[in-house]
Every structure is written in C-alpha cells, then in structure tokens.
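Just below is one structure, and these are the notes that go with it.
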Amino acid sequence: METSPARLVVAPPVDPDELVGHTPLVHLRRLAADRPGSPRLFLKMEAANPGGSAKDRPAAHMVREAWTEGLIGPGSTIIESSSGNLGVALAQQARAYGVQFICVIDPRTPLTTRRLIEAFGGELHVVSEPDPATGDWLVARIEAVTSMMSAVPGAWWPNQYGSSANATAHADGTMREILETLDGDLAALFTATSSTGTLVGCGDRLAQEGVDAALYAVDAVGSVLFDGLRGARELPGLGAGLVPPLAARAAPHDVLRVTDLDCVVGCRRLVEREALLVGASAGGVVTAAERVLERFTPDDNVVLIAHDGGARYLDTVYDDTWVQERLGCAPPLLAQLVADPSSGSRP
Ligand SMILES: Cc1ncc(COP(=O)(O)O)c(C=O)c1O
C-alpha cells in the first residue's frame, strides 16, 4: 500500500502558520440525526492545535507581535492570567522564543494543565483566595498580575482581555479556516466566551467578508459578560468575572447561557453520539446549540467551536463522582439528560 509523504513542518520556534491552526471541521451527523429537520452541524476541533486548544492562536499572535515590536527579547518574562489553556499556549511560545513565563492561575485549573505549563518550563503562581469584594477568581488573578508587573524585571503582560491581537488571531485563523472549508456558506457560528477574543475576531472576519451568519455567544450562568449576573461557576474556560475591554466590540446575534451541568451533558452527549471527547465549554456550546436548532433549516451550515479537548477534564466533567458531589446530579439523572437533554430543567 502506498502512503503519502508526511507534511514537513519546522519545529519550534513555532511559526503560527505552520503548527498552529488548520484544525479539522468535523461533520456531526449523528447529533443532527437525533432531531429531524436539523441543520448540518460541524465542530471546529481546536484541540488539534499543538498546545491542545484554541488559545494557541492568540498566544502565537500576541508573542510574535511583541517580539517583532521589541516589547520582549532575551531576558524578558511573560506574565499572564489564565484559566489554563492560554497558560499552556504561552508556555510553549515562551519556550520557543527562549523567554521566561509566569502563569497566574487559580485553584480551579486542572492538574494536567498545571503540569503541562511546567513541562514547557513555565512557572505557576496560584492565587489562593478569590477577590474579597466580588468573590471572583479572575479579578484576583488580574490583581496578582498587576502587582507582579512592577516587581519582575523585564516583565511583559500580553493582556488577552484587551489585546487586539487576541481577536485578530481568530479573524485570520479560526474564522478564515471555517469560511474556506465551507466555501463561505455559513448560517451560524456558536462560540463559548471568556476574553471574547474568539467572538470578536470571528465577527470581524464575517463582516470583512460580507458573510451574513448569525453569531451566537455561549456564556456561563454566573458570568458577568453581556449583563450577566455574577455567580459561582465550577468549570474553567467559560465565562468571565469582569467585563474585558475587548467585549466592547462584541456584537452577538444572541447570547445563550449554560450551567456547569449543561456543559457536562453536552460533553457526554458528544462522546455518546459522535465518539468525540471535548472540553467543558464545548459541551456548553453543544447543549446551547441543540436548544435552538429549530431556528435553522436542513440546508443551513452551523458551526460549533470546541475550544479544547476532554483529556484535561477527566477528573471533573467525565467523573461521575465529581458531577454528583459538585453539581448534585446523580448518574441515573445524568444518563437521562444525556439521552434527552430537553428532559432537564432549563435556566
Ligand atoms: C476552554 C475554553 N473555552 C472557551 C474560551 C473562551 O475563548 P475567548 O477567551 O476567546 O472568549 C476559552 C478561553 O480561555 C477556553 O479556554
């Protein structure tokens, strides 16, 4: 049997155009088949990036831009707050460029993510308490970054929450790739939101190319984005405890809110129906999209972004005991929700 030659890629220093991006767009045939009249559903699998998440795109863009502009160089230290994925991505970039990296995380960051950051040579700074005024972890992480910026010589803060390069990475990467794959034929895009870089960047590209697709923001119940009410959230990646400057440019067609349990149900449904293991926010996107499928026709192409894979959530989303203890959902009810998500109560 003849095999095609492997694509030659250059090892790090990571060239974003070589290693980051070009992620698969998977046709979700079985999930759509569960609901007659469904549109064609596709999942953009961002776990295929070298650091395992969509955050490789903004990390590559922000660091390359800073290097080119002389904001960082030999001896610099990158400092950033991350729920985990951007931390892994920046740790890889920092290693590739030969600079230091300190990642400010909180106790919700999964152990695997922490170990990945350390494996790339990054240093972890774990904030131990949420912000006393708001009770929010992100606010506490940003405060830690701000005070470290004046204490660490040669420090540079990419600031994903305000960086236009964060959004540009998704305009030039994520959205460009989706439109190319579908020949511009897109009815709707569903994306989870936190820094809102994905939402803003994808929206920018749609506007640039004149594609009239509906942009759905999937946000957490408890997130303050889009005038949300602050509340407790267990799972990282989705939602925000402060409104990032980038969000001022966010113009979603609609905002759909999901609970932690909605995320778990969506993740488990994707495993059961499509044999795909995705991360928590992607599960939320699946659940949110399934709730509004009647808004589309069978000729519509609808894309869901899966920001990361499920391997980093084996101790939470994919652990029945965790789901029962932290989210109060016992295995029989979970199985029922996975079989028929509409059987549960909605927020
Ligand atoms: C798993 C996951 N999902 C969704 C998001 C949200 O993406 P964005 O920050 O572009 O809004 C993030 C961002 O960190 C993430 O890590």
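Of Phe190, Phe296, how do they rank once you tally other Cβ atoms within 10 Å and put the fewest first?
Details: Phe190 26, Phe296 19.
Lowest count first: Phe296, Phe190.
Quick one: Cα centre-to-centre distance for segment 30-105 and segment 211-250, in angstrom?
Cα centres, segment 30-105 to segment 211-250: 18 Å.
Could you work out [θ]222 nm for the chain from helices alone, using -39500 (n - 2.57) per DSSP H run of at least four and dividing by all its residues? Round to the nearest 500 deg cm²/dmol.
Details: 12 runs with 124 residues, N = 347.
Roughly -10500 deg cm²/dmol at 222 nm, from the helical runs in the chain.
Show me, for segment 318-329, the HN-Hα J-couplings you get by feeding each phi into the Karplus relation (A = 6.51, B = -1.76, C = 1.60, θ = phi - 60°), rounded to Hz, glycine and proline as x.
3J(HN,Hα) across segment 318-329, in whole Hz: 9, 10, 4, 5, 4, 4, 5, 6, 8, 10, x, 10.
Measure off 7 Å from each Cα along the Cα-to-Cβ vector at Ala207 and Thr68, then give the distance between these two points in nanometres to one decimal.
Each label point is offset 7 Å from its Cα along the Cβ direction, giving 2.2 nm.
Using 0.36 nm per residue of separation minus the Cα-Cα distance, give me the extension gain between Met149 and Ala119 in nm, one decimal. Kindly include the intermediate steps, with their values, before the conclusion.
Numbers: separation 30, 0.36 × 30 = 10.80 nm, distance 2.35 nm.
Result: 8.5 nm gained on full extension.
With the Cα gyration tensor of segment 56-156 in hand, convert its eigenvalues to equivalent ellipsoid semi-axes via √(5λ) and list them largest first in whole Å. Don't skip to the answer; put the middle values down first.
On the way: eigenvalues 100, 48, 25 Å².
Whole-Å semi-axes of the equivalent ellipsoid: 22, 16, 11.
With contacts defined as alpha carbon pairs under 8 Å and 6 or more residues apart, what's the relative contact order of the chain in percent? Don't jump to the answer; show the numbers that get you there.
Details: 693 pairs, mean separation 62.8, N = 347.
This gives 18 percent for the chain.
Of Val271, Val303, Val218, which is the most mobile in a GNM of the chain whose springs link Cα atoms less than 10 angstrom apart?
Among Val271, Val303, Val218, the largest GNM mean-square fluctuation belongs to Val271.
Taking K and R as +1 and D and E as -1, what net charge do the other residues with C-beta under 10 Å from the C-beta of Glu234 add up to?
Here the charged neighbours net out to +2.
Once phi is turned into ³J(HN,Hα) by the Karplus curve 6.51 cos²θ - 1.76 cosθ + 1.60 with θ = phi - 60°, what whole-Hz value does each residue of segment 27-44 show in order, with x for glycine and proline?
7, 8, 6, 6, 4, 5, 5, 5, 10, x, x, 5, x, 6, 9, 10, 10, 8
What does the convex hull of the alpha-carbon atoms of the chain project to on average, in nm²? List each step's numbers first, then the result.
Numbers: hull surface 74.0 nm².
Taking a quarter of the hull surface, the average projection is 18.5 nm².
All of the numbers you see were taken from the coordinates with simple rules; none came from a lab. This one's a predicted model, so the numbers in the text were calculated from it and none came from an experiment. Cβ atoms come from the backbone with ideal geometry, glycine included; neighbour counts cover every protein chain shown.
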